[in-house]
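After the structure tokens below, expect a handful of questions from me.
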Amino acid sequence: MAWGIWAIITLVLLIAETLTIDFLFMMFAAGTFAATISAVFAPDALVLQIIIFSIVSVLGIGFVRPWARKHVNDSSKGESNVYAMTGQIGHALTDIDTKAGRVKIGGDVWSAKTYGPAIAEGTTVVVQNVEGARAIVQPFHAYNSNS
């Protein structure tokens, strides 16, 4: 019956992995799965099961986890969310000055402002930065000439 306990622990660890997506619980789940298999073939060898669990888990954490984190899309690398907006193209829905304005970027309407001269309604703009919930923009032609 030890295999049942190992199997339950494996399922709990896999559920925890789906919540964290960090590959740590996955490595322990691999260890408990290996212990489950050993418990099926040697039900009375608890020490062997623990040793197999330990070896598989340590090898997974030491070798498989770093490889998996490197090759699977890791959101901690690179920019995401509002920080990924830098360089995106939008259109001024209103006049934009140093205090206020509205711009449409990708399908979303944002509050906007510019640090340069005022931008007329209908002008194509590029996002320079995001400050809070406000996009900092400049005219696309100015951005193109600076690049």
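The values are calculated or read from the model by the stated rules, or taken from the named source; none is laboratory data. Quick caveat, the model's predicted, so the values are computed rather than measured. Here the Cβ positions follow ideal geometry from the backbone for every residue, glycine too, while neighbour counts run over all protein chains shown. These area figures cover heavy atoms from the full protein model, side chains too; ligands, DNA and RNA do not enter into them. Shrake-Rupley method; radii C 1.70, N 1.55, O 1.52, S 1.80 Å.
Mind grabbing the accessible area of F25 for me, 1.4 Å probe, Å², rounded to tens?
70
Share of the chain's accessible area from carbon and sulfur, percent, 1.4 Å?
Roughly 66 percent of what the probe reaches on the chain is carbon or sulfur.
Suppose every Lys and Arg Cβ carries +1 and every Asp and Glu Cβ carries -1, with no other charges. What dipole size does the range 1-118 come out with about its Cα centre, to the nearest 20 debye?
Approximately 300 debye in magnitude.
Find the accessible area per residue for the chain; the probe is 1.4 Å, ligands and nucleic acids are left out, and the unit is Å².
Per residue, the chain has an accessible area of 63 Å².
Residue by residue, what Karplus-based ³J(HN,Hα) values in Hz, rounded to whole numbers, does the range 15-22 have, using 6.51, -1.76 and 1.60 with θ = phi - 60° and x for Gly and Pro?
The phi angles translate into 5, 4, 5, 5, 7, 9, 6, 10 Hz.
What fraction of the DSSP beta bridges in the chain is antiparallel, stated in percent and rounded to the nearest 5?
Working: 17 of 20 bridges.
Counting only bridges with both partners in the chain, antiparallel ones make up about 85 percent.
Okay, moving on. Taking the Cβ of A112 as the center, what net charge do the other residues with Cβ under 9 Å away carry, scoring Lys and Arg +1 and Asp and Glu -1? Spell out each step's value before the answer.
Values: positive: R102, K113, R134; negative: none.
Spelling it out: positives minus negatives among the neighbours equals +3.
Using heavy-atom solvent-accessible surface (probe 1.4 Å) with all chains present, what is the largest-first order of V125, V40?
V40, V125
Given labels modelled 7 Å from the Cα in the Cβ direction, how far is it in nm from A42 to V64?
2.0
Amide H to amide H under 5 Å from T123: which residues, 5+ apart in sequence or cross-chain, H placed 1.01 Å off N in plane?
Excluding prolines and chain starts, which carry no amide H, the hits are A92.
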